[in-house]
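Input: a single structure, listed below in structure tokens.
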Amino acid sequence: MSRTDTAVSDADLREVSLTRSEYERICAQLGRAPNRVELGMFGAMWSEHCGYKNSRPLLKLLPTDGKHVLIGAGEENAGAVDIGHGLAVVFKVESHNHPSAVEPFQGAATGVGGIVRDIFTMGARPIALLNSLRFGPLSDARNRYLFNGVVGGISHYGNCVGIPDVGGEVNFASCYAGNPLVNAMCVGIIPQEKLIRARARGAGNTLMLVGAATGRDGIHGASFASLDDPELSHRGVVQVGDPFMEKLLIEACLELGETDYLVGLQDLGAAGLTSSSVEAAHKGESGVDIDVSRVPCREEGMIPYEIMLSESQERMLAIVRRGAEEHVEAIFSRWGLHSTVIGRVTSDGIVRVRNGGEVVAEIPAHLLADAPTYVREGTLPTYLQETHAFQQESLPEPQDYNDVFLKLLASPNIASKECVFRQYDYSVQVNTVQGPGGDAAVLRVKGTPAGLAVTIDGNGQYCYLDPFGGGAIAVAEAARNLACVGAEPLALTNCLNFGNPEKTDVYYQLEGVIRGMVAACAALDVPVVSGNVSLYNETRGQPIYPTPMVGMIGKLESLQQSTTLAFQREGDVIALLGPQTDHCGGSEYVAHILGRVTGQVPSIDLDMEVRVQAVCRQSIRDGRISSAHDCSQGGLAVALAESAIAGGIGFQVDIPGAGRADGLLFGEGQSRIVVSLPEENLAAVRALAADHGVPLTVIGSVQGDAVVLGDTVSVPLASAQRAWQNGVAEALAAAG
């Protein structure tokens, strides 16, 4: 290995996403200049995608401890929480934004494959997928291409690998036009005593590369995800997935996890063999010695640099007990998969890479794993002066409320996403009790009476207008979704999607959102156990909305103690839990009327939020509520309509509260849940609400075949259903 210093150009550093000062730091820590292989390894490990340089100091603010937490944030590939019965649920969300902007089908497909590996790496069987997606307006041909490609990639991979896609959300805004967001979440189940760690331990134990052969796809993928403007890149950094091989890999790894041959297991995701070996060595407080000449390659002439940085899919690094290699090979051979000894665990703390007899890289593991961090000073974005100056009184009141109501129902951000989720198999594995389209999906935990509720949610529009408030609302709404099916939240995972943090206004957004999430997590007593940060989401200098996606897991002691959003029977009373206001700043309604996102986001009283959710959960467990549905985008009018459409029964309500009708109907005030219940149960629910200090307002009843909101809105239920059901499909058809 050459020890001579060589000139490194700015272009060389940009290729590996390192700054000049970071390069000088590397030289100082090594006591020499890195060679090309080492520079590539540092670039990958110190990229924002792997090293969390700008977010790590802020992420430390998030609460990570809780009574149910078994494995917390940052400890392993995913978080794990206790769900009783000796079982753990393992879950995480990750982004695949930049690859999906370049090649949407494979970018989204391999995003699914990557998050699935994070789950079975820990020994858990994946039982559910969710996704949260953002695109530019469907009126643009490229946005339609991205939308169709991403949805196609998700459905292809998930359906082929046999994991149900049970929930998610899709939203549209112009800021995502060049930089779509593709966030994938996976959930798995495992007996607690069988959890596997991703650690290289025991000097002399064997490193085995298992699964697919290594190609040139995905080289510099981690660095690419740490640069802005994905449209200016090329397809060479996008991985290509094989879901059928992943299915074999799942079964082989789960079988291996049942033996005593395994010391640790790590998937090869971002930065490939570099990140997997470095992270395993660092967490195991050991070193590794790898010979890349032994790595099975599917392309001719691959050099050590390419082998170490390739992000070819469906590969795992198994740390195997010395002497058990043949047994492990037999397991993978039975599943038709490669398994090759490529190195061993050492005790010197060095990541050493050989190419046959030549040492091509030699770096202390802790240097690669310890990327520099940056604490910046954010500045208030200038646009907030204009948006906060918006006066609701300046908004023209609708001349035809029926027309506005139907157009809101048909708007792509509110309308049914059935045209998306009908492409997913959400019933495979027969665990799905409630699938896509509700507040949260509900899964049975086989062998027990219990159920899991899972959701993923986020509102970038709110965070754009109020980073702190939007961050708090993202957490609160995810928990509220769980409360609407009767589940107690256990823990959350998050994917934080932002622009370039080196810009002071973007850093202000990042810090504000995280602090808002911290406040809500503390109030709701929901710890963060895993997650991902995706920064530099910009196109031609224009950042996306600050968009935190919150995936949350909740527990149902019994599947019998749950409900849905659908109105169940004629004559049930409709009530509103929580406060009512006519504030409509930051709402979909304002965006629809004015054609721009403006106004101040509705404030959230986190103490009230906790109490509203408690009343809803307890009423469901007591069997007193027929339906429950969160008020979110589109406000009270849309929440009522969605419950009516789901149940196939209309309603007649009086508009509660004082103020402008449009604000009362379409404003998105927080901490509100629409419930329906038999009249004989009303007194008990009212008493429970009073005990918790929660407003309960009876607003009407379930009846007929029309949607009637006071004297303001009156349309046939069939018309409302048609508008809501066909909104996204018609937007696609009208555009192209």
Residue set V430, V404; condition farther than 30 Å from M308 by Cβ, hydrophobic (A, V, I, L, M, F, W, C) and open to solvent by 70 Å² or more (accessible area, probe 1.4 Å); output residue V430
Among helices (runs of 4 or more DSSP H) completely within region 7-55, the ones holding 1 or more residues that are touching a Leu at 6+ places or on another chain (Cβ under 7 Å) are 20-30, 36-45, 48-51
H388 meets each of (1) closer than 30 Å to F244 by Cα; (2) out of contact with any Pro (no Cβ under 9 Å at 6 or more places or on another chain) with one exception, condition (1)
task = Kindly indicate whether any position in region 696-710 is over 16 Å from A639 (Cα atoms) and within 35 Å of the chain's Cα centre (by Cα).
result = yes
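For region 18-25, check the following and say yes or no: at least one residue is closer than 27 Å to N355 by Cβ and not charged (D, E, K, R). Even if it seems obvious, please write down each step before you answer.
Within region 18-25, the subset closer than 27 Å to N355 by Cβ is 18, 22-23, 25.
From the residues that got through so far, the ones that are not charged (D, E, K, R) too are 18, 23.
Checked against the condition, which is being closer than 27 Å to N355 by Cβ and not charged (D, E, K, R), region 18-25 yields at least one hit.
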Q.
Could you go through region 119-141 and let me know if any residue there is surrounded by fewer than 24 Cβ atoms within 10 Å (Cβ to Cβ), in contact (Cβ under 8 Å) with a residue 40 or more places away in the chain and under 15 Å from the mean Cα position of the chain (by Cα).
A. no
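Taking V485 as the residue in question, decide whether it is at pLDDT 95 or above and either under 15 Å from the mean Cα position of the chain (by Cα) or part of a strand (DSSP E or B) (or both).
Answer is no for this residue.
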Here the residues within region 344-370 that are crowded, with 20+ Cβ neighbours inside 10 Å and of a type in the set (V, I, T) are V345, V351, V353, V360, I363
Selection from region 579-592 of residues open to solvent by less than 60 Å² (accessible area, probe 1.4 Å) and outside any loop (DSSP other than H, G, I, E, B) yields E588, Y589, V590, A591
Restricting attention to region 330-343, the residues that are open to solvent by 20 Å² or more (accessible area, probe 1.4 Å) and out of contact with any Asp or Glu (no Cβ under 8 Å at 6 or more places or on another chain) number exactly 6
(1) in contact with a strand residue (DSSP E or B) (Cβ under 6 Å, 6 or more places away or on another chain); (2) surrounded by fewer than 23 Cβ atoms within 10 Å (Cβ to Cβ) all hold for A478 apart from (2)
Residue pairs within 6 Å by beta carbon, gap of at least six or interchain, first lying in region 29-58 and over 14 Å from A365 (Cα atoms) and open to solvent by less than 10 Å² (accessible area, probe 1.4 Å), second charged (D, E, K, R) and part of a loop (DSSP other than H, G, I, E, B), listed first then second, are A33/D5
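The values are calculated or read from the model by the stated rules, or taken from the named source; none is laboratory data. Just so it is clear, the model here is predicted, and its values are computed rather than measured. Because the Cβ atoms are built from the backbone with ideal geometry, glycine has one as well, and the counts that use them run over all protein chains shown. SASA here: full protein model, heavy atoms, side chains in, ligands and nucleic acids out. Shrake-Rupley method; radii C 1.70, N 1.55, O 1.52, S 1.80 Å.
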